[in-house]
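Notes for the one structure printed next.
The values are calculated or read from the model by the stated rules, or taken from the named source; none is laboratory data. Since this is a predicted model, take the numbers as computed values, not measurements. Cβ sites come from the backbone with ideal geometry, for glycine too, and all protein chains shown count toward neighbours. Accessible surface areas use protein heavy atoms only, side chains included; no ligands, DNA or RNA. Shrake-Rupley method; radii C 1.70, N 1.55, O 1.52, S 1.80 Å.
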Amino acid sequence: MCKKIILFFFVFHLVSVFAQEQKIVAKQIEILQKDIDIFVGFDGMGNLYYIKNNVFYKKNKQELWQYKNVSLGKITKIDFQNQLKIMLFYENFNTIILLDNQLNETQKINFSENEIPIIVEATGIASQNRLWIYNSLTQEIGFFDYLKNTFQSITPSFRGNLKHYESDFNTFQWIDDKLNWYAVDIFGKITTKGKISDFDQIQFGTNQEIFFSKDGKLFLQDLNKNSFYTIENVDKSFKNFFYKDQILSIFTDQGITNYKITIP
(Lines give C-alpha, C1' and ligand atoms only; values in the text may rest on other atoms or scores of the structure.)
Protein backbone atom coordinates (compact mmCIF):
# COMPACT_ATOMS: atom_id res chain seq x y z
CA MET A 1 0.00 0.00 0.00
CA CYS A 2 2.83 2.35 0.92
CA LYS A 3 4.59 1.64 -2.38
CA LYS A 4 1.40 2.44 -4.30
CA ILE A 5 1.06 5.77 -2.50
CA ILE A 6 4.70 6.65 -3.23
CA LEU A 7 4.23 5.67 -6.89
CA PHE A 8 1.08 7.79 -7.12
CA PHE A 9 2.81 10.90 -5.83
CA PHE A 10 5.81 10.27 -8.10
CA VAL A 11 3.57 10.03 -11.18
CA PHE A 12 1.59 13.10 -10.02
CA HIS A 13 4.84 15.04 -9.67
CA LEU A 14 5.94 14.05 -13.18
CA VAL A 15 2.59 15.11 -14.63
CA SER A 16 2.79 18.43 -12.79
CA VAL A 17 6.32 19.09 -13.99
CA PHE A 18 5.33 18.20 -17.57
CA ALA A 19 2.36 20.56 -17.40
CA GLN A 20 4.55 23.36 -16.12
CA GLU A 21 7.07 22.81 -18.92
CA GLN A 22 4.54 23.13 -21.78
CA LYS A 23 5.55 26.03 -23.99
CA ILE A 24 4.51 27.82 -27.16
CA VAL A 25 7.37 29.56 -28.95
CA ALA A 26 6.21 32.65 -30.82
CA LYS A 27 7.85 33.43 -34.17
CA GLN A 28 8.37 37.13 -34.88
CA ILE A 29 7.13 38.14 -38.33
CA GLU A 30 7.06 41.96 -38.36
CA ILE A 31 7.60 45.09 -36.29
CA LEU A 32 5.35 48.10 -36.75
CA GLN A 33 6.62 51.35 -35.28
CA LYS A 34 3.58 53.30 -34.17
CA ASP A 35 3.24 56.47 -32.11
CA ILE A 36 0.06 55.48 -30.27
CA ASP A 37 -1.29 55.49 -26.73
CA ILE A 38 -3.61 52.49 -26.75
CA PHE A 39 -3.43 49.57 -29.16
CA VAL A 40 -6.94 48.20 -29.84
CA GLY A 41 -6.37 45.50 -32.46
CA PHE A 42 -6.54 44.39 -36.09
CA ASP A 43 -9.60 43.31 -38.09
CA GLY A 44 -9.80 40.57 -40.69
CA MET A 45 -8.87 43.03 -43.46
CA GLY A 46 -5.66 44.05 -41.72
CA ASN A 47 -6.91 47.46 -40.59
CA LEU A 48 -5.24 48.73 -37.42
CA TYR A 49 -7.33 50.33 -34.67
CA TYR A 50 -5.77 52.49 -31.97
CA ILE A 51 -6.19 55.56 -29.74
CA LYS A 52 -3.90 58.58 -29.59
CA ASN A 53 -4.71 61.55 -27.32
CA ASN A 54 -8.20 60.07 -26.86
CA VAL A 55 -8.79 60.21 -30.63
CA PHE A 56 -9.87 56.94 -32.23
CA TYR A 57 -8.02 55.92 -35.41
CA LYS A 58 -8.41 53.30 -38.12
CA LYS A 59 -5.45 52.82 -40.44
CA ASN A 60 -4.31 50.63 -43.30
CA LYS A 61 -1.44 50.97 -45.78
CA GLN A 62 -3.32 53.46 -47.94
CA GLU A 63 -5.65 55.44 -45.68
CA LEU A 64 -6.13 56.87 -42.21
CA TRP A 65 -9.46 57.71 -40.58
CA GLN A 66 -10.18 59.28 -37.21
CA TYR A 67 -13.03 60.08 -34.83
CA LYS A 68 -12.84 62.65 -32.06
CA ASN A 69 -15.42 63.62 -29.46
CA VAL A 70 -13.85 65.68 -26.67
CA SER A 71 -17.19 66.37 -24.96
CA LEU A 72 -17.66 62.70 -24.01
CA GLY A 73 -14.32 62.25 -22.26
CA LYS A 74 -12.34 59.01 -22.26
CA ILE A 75 -13.15 56.12 -24.60
CA THR A 76 -13.88 53.08 -22.44
CA LYS A 77 -14.63 50.30 -24.93
CA ILE A 78 -14.33 49.75 -28.69
CA ASP A 79 -16.07 47.01 -30.66
CA PHE A 80 -15.04 46.70 -34.32
CA GLN A 81 -16.19 43.14 -35.09
CA ASN A 82 -18.67 44.66 -37.58
CA GLN A 83 -16.55 46.97 -39.72
CA LEU A 84 -19.70 48.71 -41.00
CA LYS A 85 -20.99 49.36 -37.48
CA ILE A 86 -18.16 50.24 -35.09
CA MET A 87 -19.10 50.96 -31.48
CA LEU A 88 -17.42 53.38 -29.05
CA PHE A 89 -18.49 53.36 -25.41
CA TYR A 90 -17.95 56.39 -23.19
CA GLU A 91 -18.75 55.06 -19.71
CA ASN A 92 -18.40 58.35 -17.81
CA PHE A 93 -21.20 59.84 -19.92
CA ASN A 94 -23.24 56.61 -20.21
CA THR A 95 -23.12 57.05 -23.98
CA ILE A 96 -22.49 54.88 -27.03
CA ILE A 97 -21.44 56.20 -30.46
CA LEU A 98 -21.92 54.13 -33.61
CA LEU A 99 -19.62 54.75 -36.60
CA ASP A 100 -19.52 53.57 -40.20
CA ASN A 101 -16.46 52.01 -41.83
CA GLN A 102 -14.93 55.47 -42.43
CA LEU A 103 -15.51 56.50 -38.79
CA ASN A 104 -18.38 58.85 -39.57
CA GLU A 105 -20.82 59.09 -36.68
CA THR A 106 -24.13 57.44 -37.55
CA GLN A 107 -25.83 57.37 -34.16
CA LYS A 108 -25.43 58.68 -30.62
CA ILE A 109 -27.17 56.88 -27.75
CA ASN A 110 -27.28 58.62 -24.38
CA PHE A 111 -28.70 56.06 -21.96
CA SER A 112 -29.20 58.72 -19.28
CA GLU A 113 -31.99 60.10 -21.48
CA ASN A 114 -33.70 56.75 -21.89
CA GLU A 115 -37.23 56.34 -20.53
CA ILE A 116 -36.22 53.15 -18.71
CA PRO A 117 -33.20 53.85 -16.43
CA ILE A 118 -30.06 52.16 -17.75
CA ILE A 119 -26.53 52.53 -16.44
CA VAL A 120 -24.28 50.75 -18.91
CA GLU A 121 -21.33 48.94 -17.35
CA ALA A 122 -20.62 46.56 -20.23
CA THR A 123 -21.64 46.56 -23.88
CA GLY A 124 -20.89 45.24 -27.36
CA ILE A 125 -22.36 44.84 -30.83
CA ALA A 126 -24.95 42.06 -31.08
CA SER A 127 -26.99 40.73 -34.00
CA GLN A 128 -30.11 42.27 -35.55
CA ASN A 129 -29.48 45.97 -34.83
CA ARG A 130 -28.94 45.36 -31.13
CA LEU A 131 -26.34 46.02 -28.48
CA TRP A 132 -25.40 43.77 -25.61
CA ILE A 133 -25.97 45.74 -22.40
CA TYR A 134 -25.14 44.93 -18.79
CA ASN A 135 -27.29 47.29 -16.77
CA SER A 136 -25.60 47.89 -13.42
CA LEU A 137 -28.84 49.28 -11.95
CA THR A 138 -30.60 45.92 -12.23
CA GLN A 139 -27.48 43.71 -12.66
CA GLU A 140 -29.10 42.13 -15.71
CA ILE A 141 -27.80 41.44 -19.22
CA GLY A 142 -30.04 42.22 -22.15
CA PHE A 143 -30.41 43.73 -25.61
CA PHE A 144 -30.85 47.35 -26.58
CA ASP A 145 -32.42 47.78 -30.02
CA TYR A 146 -30.85 51.00 -31.27
CA LEU A 147 -33.40 51.43 -34.06
CA LYS A 148 -36.46 50.99 -31.84
CA ASN A 149 -34.81 52.50 -28.74
CA THR A 150 -36.00 49.59 -26.56
CA PHE A 151 -34.31 47.38 -23.97
CA GLN A 152 -35.09 43.73 -23.22
CA SER A 153 -33.46 41.85 -20.35
CA ILE A 154 -32.59 38.19 -21.02
CA THR A 155 -31.03 37.18 -17.69
CA PRO A 156 -32.09 37.34 -14.07
CA SER A 157 -30.24 39.69 -11.76
CA PHE A 158 -26.95 38.20 -10.57
CA ARG A 159 -24.43 39.04 -7.91
CA GLY A 160 -20.77 39.83 -8.33
CA ASN A 161 -18.79 42.32 -10.37
CA LEU A 162 -17.55 41.96 -13.93
CA LYS A 163 -13.77 41.73 -13.87
CA HIS A 164 -13.60 41.27 -17.66
CA TYR A 165 -16.05 40.82 -20.53
CA GLU A 166 -16.14 40.27 -24.28
CA SER A 167 -18.91 39.66 -26.79
CA ASP A 168 -19.65 38.69 -30.35
CA PHE A 169 -22.91 38.81 -32.31
CA ASN A 170 -24.40 35.80 -30.53
CA THR A 171 -22.63 35.47 -27.17
CA PHE A 172 -21.74 37.66 -24.20
CA GLN A 173 -18.95 36.31 -21.97
CA TRP A 174 -17.67 37.59 -18.66
CA ILE A 175 -15.41 36.79 -15.73
CA ASP A 176 -16.60 37.76 -12.28
CA ASP A 177 -14.48 38.97 -9.37
CA LYS A 178 -14.08 35.36 -8.16
CA LEU A 179 -12.56 34.35 -11.52
CA ASN A 180 -15.59 32.35 -12.66
CA TRP A 181 -16.08 32.37 -16.43
CA TYR A 182 -19.64 32.55 -17.80
CA ALA A 183 -21.35 32.97 -21.15
CA VAL A 184 -24.91 33.81 -22.16
CA ASP A 185 -26.37 33.29 -25.62
CA ILE A 186 -29.01 35.34 -27.42
CA PHE A 187 -31.78 33.21 -25.87
CA GLY A 188 -30.63 33.94 -22.33
CA LYS A 189 -29.07 30.54 -21.64
CA ILE A 190 -26.20 30.97 -19.19
CA THR A 191 -23.27 28.53 -19.31
CA THR A 192 -20.56 28.15 -16.69
CA LYS A 193 -17.32 27.73 -18.59
CA GLY A 194 -14.99 27.17 -15.65
CA LYS A 195 -12.61 28.71 -13.17
CA ILE A 196 -9.62 30.54 -14.58
CA SER A 197 -6.25 31.73 -13.33
CA ASP A 198 -5.73 35.20 -11.93
CA PHE A 199 -4.63 37.69 -14.58
CA ASP A 200 -3.54 41.24 -15.29
CA GLN A 201 -4.91 41.27 -18.87
CA ILE A 202 -6.93 38.67 -20.74
CA GLN A 203 -8.51 37.83 -24.10
CA PHE A 204 -10.86 34.98 -24.92
CA GLY A 205 -9.86 32.67 -27.74
CA THR A 206 -12.05 30.07 -29.40
CA ASN A 207 -14.09 27.57 -27.41
CA GLN A 208 -12.43 27.17 -23.99
CA GLU A 209 -9.15 28.98 -24.72
CA ILE A 210 -7.94 32.12 -22.99
CA PHE A 211 -4.82 34.22 -23.45
CA PHE A 212 -3.75 36.12 -20.37
CA SER A 213 -0.83 37.94 -18.83
CA LYS A 214 0.36 37.88 -15.26
CA ASP A 215 3.42 39.61 -13.82
CA GLY A 216 4.85 40.38 -17.26
CA LYS A 217 4.45 36.85 -18.62
CA LEU A 218 2.02 35.64 -21.29
CA PHE A 219 0.06 32.39 -21.10
CA LEU A 220 -2.50 30.27 -22.94
CA GLN A 221 -4.95 28.19 -20.95
CA ASP A 222 -7.20 25.60 -22.60
CA LEU A 223 -9.92 24.57 -20.16
CA ASN A 224 -11.31 21.99 -22.58
CA LYS A 225 -7.99 20.11 -22.76
CA ASN A 226 -6.98 21.03 -19.20
CA SER A 227 -3.74 22.41 -20.65
CA PHE A 228 -1.59 25.37 -19.68
CA TYR A 229 1.14 26.92 -21.82
CA THR A 230 3.74 29.63 -21.39
CA ILE A 231 4.17 31.75 -24.52
CA GLU A 232 7.86 32.43 -25.05
CA ASN A 233 10.02 34.61 -27.31
CA VAL A 234 7.82 37.71 -26.89
CA ASP A 235 8.78 41.10 -25.50
CA LYS A 236 8.07 41.05 -21.77
CA SER A 237 7.71 44.83 -21.46
CA PHE A 238 4.33 44.85 -23.23
CA LYS A 239 1.47 47.21 -22.41
CA ASN A 240 -1.18 44.98 -23.94
CA PHE A 241 -1.68 42.25 -26.53
CA PHE A 242 -4.19 41.11 -29.13
CA TYR A 243 -4.71 37.68 -30.74
CA LYS A 244 -6.49 36.92 -34.02
CA ASP A 245 -6.13 34.12 -36.59
CA GLN A 246 -2.84 32.73 -35.17
CA ILE A 247 -1.27 36.19 -35.06
CA LEU A 248 -0.28 37.50 -31.63
CA SER A 249 0.30 41.26 -31.54
CA ILE A 250 2.36 42.69 -28.68
CA PHE A 251 2.26 46.43 -27.96
CA THR A 252 5.21 48.08 -26.19
CA ASP A 253 6.66 51.58 -25.94
CA GLN A 254 8.53 50.84 -29.17
CA GLY A 255 5.45 49.89 -31.19
CA ILE A 256 3.60 46.75 -32.25
CA THR A 257 5.32 43.43 -32.92
CA ASN A 258 3.39 40.66 -34.64
CA TYR A 259 4.17 37.02 -33.93
CA LYS A 260 3.00 33.79 -35.52
CA ILE A 261 1.95 31.20 -32.97
CA THR A 262 0.67 27.65 -33.40
CA ILE A 263 -1.81 26.51 -30.79
CA PRO A 264 -1.42 22.79 -29.94
Which of the residues spanning the stretch 60-82 are open to solvent by 60 Å² or more (accessible area, probe 1.4 Å) and outside any loop (DSSP other than H, G, I, E, B)?
-> Leu64, Gln66, Val70, Ser71
Strands (runs of 3 or more DSSP E) wholly inside the stretch 140-209 that include at least 3 residues being under 24 Å from Phe228 (Cα atoms) and out of contact with any Leu (no Cβ under 8 Å at 6 or more places or on another chain) = 162-167, 180-185, 201-204
Can you run down the residue pairs with Cβ atoms below 7 Å, 6 or more apart or on separate chains, where the first is in the stretch 54-70 and farther than 16 Å from Met87 by Cα and the partner is open to solvent by less than 40 Å² (accessible area, probe 1.4 Å) and in a loop (DSSP other than H, G, I, E, B)?
-> Lys59/Asn47; Asn60/Asn47
Have a look at Asn149, Asn129 and point out the one that is on the phi > 0 side of the Ramachandran plot, out of contact with any Asp or Glu (no Cβ under 8 Å at 6 or more places or on another chain) and open to solvent by 30 Å² or more (accessible area, probe 1.4 Å).
-> Asn149
Could you check Val234 against (1) modelled with pLDDT under 90; (2) among the β-branched types (Val, Ile, Thr); (3) crowded, with 16+ Cβ neighbours inside 10 Å and say which number it fails?
-> (1)
Residue in the stretch 178-187 that is surrounded by 12 or more Cβ atoms within 10 Å (Cβ to Cβ), farther than 20 Å from Ile36 by Cβ and among the basic types (Lys, Arg) present | no
Out of the residues in the stretch 210-228 that are among the basic types (Lys, Arg) and assigned to a strand (DSSP E or B), state the one that is farthest from Asn129 (Cα to Cα).
-> Lys217
Would you mind finding the one in Lys225, Lys195 that is more than 17 Å from Ile24 (Cα to Cα) and open to solvent by 70 Å² or more (accessible area, probe 1.4 Å)?
-> Lys195
Restricting attention to the stretch 83-95, and to residues there that are in contact (Cβ under 8 Å) with a residue 40 or more places away in the chain and either touching a Cys at 6+ places or on another chain (Cβ under 9 Å) or buried (at least 16 other Cβ atoms within 10 Å of the Cβ) (or both), which single residue is nearest to Leu131 (Cα to Cα)?
-> Met87
Boolean, Ile116 is of a type outside the set (S, T, N, Q), outside any strand (DSSP E or B) and open to solvent by 70 Å² or more (accessible area, probe 1.4 Å) | yes
Does Lys217 fit the bill of being under 26 Å from Pro264 (Cα atoms), among the charged types (D, E, K, R) and in contact with a Ser or Thr (Cβ under 9 Å, 6 or more places away or on another chain)?
-> yes
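Select from the stretch 54-81 the residues that are of a type in the set (S, T, N, Q), over 22 Å from Phe241 (Cβ atoms) and at pLDDT below 95 and list them in ascending order. Spell out how you get there, then give the answer.
Taking the stretch 54-81 and keeping what is of a type in the set (S, T, N, Q), we get 54, 60, 62, 66, 69, 71, 76, 81.
Now restrict to residues that are over 22 Å from Phe241 (Cβ atoms): 62, 66, 69, 71.
Answer for the stretch 54-81, where residues must be of a type in the set (S, T, N, Q), over 22 Å from Phe241 (Cβ atoms) and at pLDDT below 95: just Gln62.
Each row is one residue, and each column tells you yes or no for (1) at pLDDT below 95; (2) closer than 18 Å to Met45 by Cβ; (3) not hydroxyl-bearing (Ser, Thr, Tyr).
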{"residue": "Lys85", "(1), (2), (3)": "no, yes, yes"}
{"residue": "Thr95", "(1), (2), (3)": "no, no, no"}
{"residue": "Leu99", "(1), (2), (3)": "no, yes, yes"}
{"residue": "Leu103", "(1), (2), (3)": "no, yes, yes"}
{"residue": "Thr106", "(1), (2), (3)": "no, no, no"}
{"residue": "Asn110", "(1), (2), (3)": "no, no, yes"}
{"residue": "Asn114", "(1), (2), (3)": "yes, no, yes"}
{"residue": "Glu121", "(1), (2), (3)": "no, no, yes"}
